[in-house]
Amino acid sequence: FYPDLLNFKEADYELTAIRMIAKIPTIAAMSYKYSIGQPFIYPDNSLDFTENFLHMMFATPCTKYTVNPIIKNALNKIFILHADHEQ
C-alpha cells in the first residue's frame, strides 16, 4: 500500500497505473493457489516476468520448480501478443 498515492497529481496517474498492473500476475497466482488449496508462493525478483509468473503458479514450498523453456517461450509470446492487441 502506498499512502502517498492517495494525493493524485496529473503526473502520478501513470505511475499508479503501472504499479496496479504490475500486481495483477501476483494476484492471479495467489487466487489460483487459494482455489486449489495450496499455499501462496511469493514472487522471486531474480526471475524474469514469465518465469516469475510460472514459479508463483506452479511451485510448491517443498520442491524447487524448474521452468520449462518451451512453456516459458510460448507463454512469453502469448503475453506479448496480448499486450500488442491492448486487450
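Listed residues GLU10, GLU14; which is modelled with pLDDT under 85, out of contact with any Cys (no Cβ under 9 Å at 6 or more places or on another chain), of a type in the set (Asp, Glu) and not in a loop (DSSP other than H, G, I, E, B)?
GLU14
Of everything in the stretch 55-87 that's under 22 Å from SER35 (Cβ atoms) and among the hydroxyl-bearing types (Ser, Thr, Tyr), which residue is modelled with the highest pLDDT?
So the residue we want is THR60.
For the stretch 39-59, which residues satisfy the criterion of being farther than 16 Å from ALA28 by Cα and either of a type in the set (Phe, Trp, Tyr) or exposed (fewer than 12 other Cβ atoms within 10 Å of the Cβ) (or both)?
We begin by selecting, within the stretch 39-59, every residue farther than 16 Å from ALA28 by Cα; these are 45-48.
Within the stretch 39-59, ASN45, SER46, ASP48 meet the criteria.
Among the listed residues ALA17, ALA29, ALA22, identify the single one that is closer than 26 Å to PRO3 by Cβ and in contact with a helix residue (DSSP H, G or I) (Cβ under 7 Å, 6 or more places away or on another chain).
Only one candidate passes the filter, namely ALA29.
Could you please give the count of residues in the stretch 30-87 that are of a type in the set (A, V, I, L, M, F, W, C) and either without any contact (Cβ under 8 Å) to a residue 12 or more places away in the chain or part of a loop (DSSP other than H, G, I, E, B) (or both)?
Qualifying residue count, the stretch 30-87: 14.
The values are calculated or read from the model by the stated rules, or taken from the named source; none is laboratory data. These figures come from a predicted structure and were not determined experimentally. We place every Cβ from the backbone using ideal geometry, glycine too, and count neighbours over all the protein chains shown.
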